[in-house]
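Notes to accompany the following structure.
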């Protein structure tokens, strides 16, 4: 079975500080991994995705994530937080044999302090 | 390119009623998935339609049903509404099957259902 765990339901950082949002997954087969962002009263927007190519994935708005198979992790980082990064972030996993279903974590709410 | 659109954006129903939510997929996409997002939770997979056939279902009872039309738009129907059905219902479209190989899900802004 597949699952996603996001450590820390709420993360606060100062503007300009490093953003680190944690995601660990469980999958019996090679996964496809995604990070989505959700702004208030909106749907989910893709930040980046890992699909078995390079383990370091760069996404939009300066975000990147590294796939570490040994740690079953896919943590999201951004070197310098901006006020506009305040949102809810979701990690998701899909696998090829059930690729029609995405499994989402419970989300991490990011607050950026000016 | 037209994105995923959902209607209505908000609605209020009472327990026991029925509701229909609608979704127009992004241009060129042939697969539609529905997710339920309860307050403070991540989206939970309800089911997916590929070329008008149900192609995978999550852990939801049969009173959750759906349709996909030849133009790839879709409906989610929920019968005998319960209080716990109150949530944001998200529609997502994608191209091909499965999404994990073809790319990502493209989400609409959702329909917020309140059951009283």
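Values in this text are rule-based calculations from the coordinates and carry no lab data. What you see is a predicted model; the values in this text were computed from it and never measured. Cβ sites come from the backbone with ideal geometry, for glycine too, and all protein chains shown count toward neighbours.
Numbers at a glance
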item: Kirkwood-based shape ratio for chain B, expressed as Rg/Rh from alpha carbons; result: 0.95
item: Inter-centroid distance (Cα atoms) of the stretch B:30-81 relative to the stretch A:51-85, Å; result: 29
item: Number of partner chain Cβ atoms within 10 Å, mean per residue of B:88-94; result: 2
item: For the protein assembly as shown, Kirkwood radius (reciprocal of mean inverse C-alpha pair distance, Å); result: 18.0
item: Backbone N under 13 Å from the residue B:60 label point (7 Å along Cα→Cβ), restricted to the stretch B:1-43; result: B:19-23, B:32-38, B:43
item: Sorted by Cβ density within 10 Å, fewest first, the residues A:70, B:111; result: A:70, B:111
item: Isotropic mean projected area of the C-alpha convex hull, the stretch A:34-91 (nm²); result: 4.1
item: Simple spin-label estimate for residue B:114 and residue A:14 in nanometres, 7 Å along Cα-Cβ; result: 4.0
item: Förster radius 22 Å - calculated FRET efficiency between residue A:28 and residue B:52, Cβ distance, rounded to 0.05; result: 0.10
item: Candidates A:20, A:76, A:33, ranked by Gaussian network fluctuation over chain A, Cα under 10 Å, top entry; result: A:20
item: For chain A, built as a Gaussian network whose Cα springs stay under 10 Å, the top-fluctuating residue of A:16, A:62, A:43; result: A:43
item: Inter-probe distance in nm under a simple model that places probes 7 Å from Cα toward Cβ, at residue B:80 and residue A:39; result: 4.1
